[in-house]
1. Could you identify the single residue in B:34, B:87, B:96 that is of a type in the set (Lys, Arg) and within 19 Å of residue A:48 (Cα to Cα)?
2. Considering each of B:47, B:21 in turn, give the residue that is acidic (Asp, Glu) and more than 13 Å from chain A (Cβ to nearest Cβ).
3. Outside any strand (DSSP E or B), more than 14 Å from chain B (Cβ to nearest Cβ) and away from ligand 1 (no atom under 13 Å from the Cβ), is that true of residue A:76?
4. Of A:134, A:49, which residue is under 13 Å from the mean Cα position of the chain (by Cα) and within 14 Å of chain B (Cβ to nearest Cβ)?
5. Could you list, in sequence order, the residues of segment A:61-73 that are crowded, with 20+ Cβ neighbours inside 10 Å and either without any contact (Cβ under 8 Å) to a residue 24 or more places away in the chain or within 14 Å of another protein chain (Cβ to nearest Cβ) (or both)?
6. Every residue in segment A:111-122 that is surrounded by fewer than 19 Cβ atoms within 10 Å (Cβ to Cβ) and within 11 Å of ligand 1 (Cβ to nearest atom), please.
7. State all residues of segment B:60-101 that are within 11 Å of chain A (Cβ to nearest Cβ), in a helix (DSSP H, G or I), among the small types (Gly, Ala, Ser) and out of contact with any Lys or Arg (no Cβ under 7 Å at 6 or more places or on another chain); if no residue qualifies, say none.
8. Filter segment A:1-21 down to residues that are exposed (fewer than 15 other Cβ atoms within 10 Å of the Cβ) and either of a type in the set (Phe, Trp, Tyr) or under 20 Å from residue A:123 (Cα atoms) (or both), then give me how many there are.
Amino acid sequence: MKRKSSNEFTLEFLSRSANEGFARMAVACFAAQMDPTLNELEDIKTAVSEAVTNAIVHAYPNALGKVTVHGRICEGNVLEITVKDRGRGIPDVNQARQPMFTTGGEERSGMGFTIMESFMDHLVVKSVVGRGTSVQMRKKLSSRLKVQK
Amino acid sequence: MELNAKSTDRNLLLELSGELDHHGARDAIAETERAIDAALPRRLMLDFSGVTFMDSSGIALILRAQKRMQNLGGSMVVCHVPQQAKRVLEAAGICRLVAVR
Ligand SMILES: Nc1ncnc2c1ncn2[C@@H]1O[C@H](COP(=O)(O)OP(=O)(O)OP(=O)(O)O)[C@@H](O)[C@H]1O
Ligand SMILES: [Mg+2]
């Protein structure tokens with residue numbers, strides 16, 4: 001289901017952890033034109049941080065690869081964000097989405113997908129082992145400015 | 001990410017500030033454990049008032065600190081948690097496992 005968009009961007013960067021903050025800020029700046037509330041902006045930044053961190057930590061465990069973030073503004077003031085990598089993929093997506101499931105050991109808590117689900121309205125995860133993963137999230141923003149021209 | 005440790009009378013206060021994401025948490029986790037091992041406190045207070053952003057990486061830091069305190073037979077409390085970090089803790093159900101105030 002491809003929705004029409006009124007504006008979009010694509011961002012591509014190397015899987016270095018310093019880019020986590022960069023990706024969050026870039027998405028937040030793009031979303032600013034939708035007139036989000038402060039809470040909505042924080043929700044979006046948090047969800048983006050989880051998805052991008054997963055690409056950096058899990059997709060390319062001992063290597064550097066490319067991560068892309070694609071953002072679109074869809075009808076009804078809906079923000080759609082897709083985070084993609086071409087890394088090792090997830091063998092069982094349903095299992096990976098369970099709270100506390102992690103392959104990351106002591107450094108990770110296994111709560112990333114749970115946080116994305118709770119902070120966004122909609123989450124679709126597609127993955128092929130050896131090919132990569134795509135995480136698509138949507139959130140309808142309340143739009144503080146109710147006055148329409 | 002910055003960490004400031006103040007130890008008095010086997011009470012350890014750790015003040016964290018900055019962005020507690022995967023990038024920032026790596027050093028912060030190691031420093032937190034080092035501070036606990038050096039002070040061997042009975043009580044650990046993690047002060048989050050300076051944390052401007054937190055994601056699941058912060059959860060790992062909190063849970064690891066708590067585990068270390070349990071091994072020492074001590075207790076831990078997380079305080080002054082800003083709104084955004086509080087919502088992350090709630091979404092992950094951490095408030096049931098850790099004393100947050
Ligand atoms: N982009 C990805 N590429 C490969 N594996 C992934 C990817 N994203 C997630 N995974 C797998 O799914 C698991 C669950 O991800 P989730 O974000 O929920 O938890 P985590 O990253 O392990 O821990 P946390 O996010 O709490 O730090 C990961 O441990 C990993 O095995
Ligand atoms: Mg994760």
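1. Answer to the selection: B:87.
2. B:47
3. When the stated conditions are applied, residue A:76 passes them.
4. Exactly one of A:134, A:49 is under 13 Å from the mean Cα position of the chain (by Cα) and within 14 Å of chain B (Cβ to nearest Cβ), namely A:49.
5. Within segment A:61-73, A:67 is the sole residue that qualifies.
6. Scanning segment A:111-122 gives a single hit, A:117.
7. Scanning segment B:60-101 gives B:85, B:91.
8. Residues that pass the stated criteria total 8.
The values are calculated or read from the model by the stated rules, or taken from the named source; none is laboratory data. In this text, all values refer to a predicted model and were calculated from it rather than measured experimentally. We place every Cβ from the backbone using ideal geometry, glycine too, and count neighbours over all the protein chains shown.
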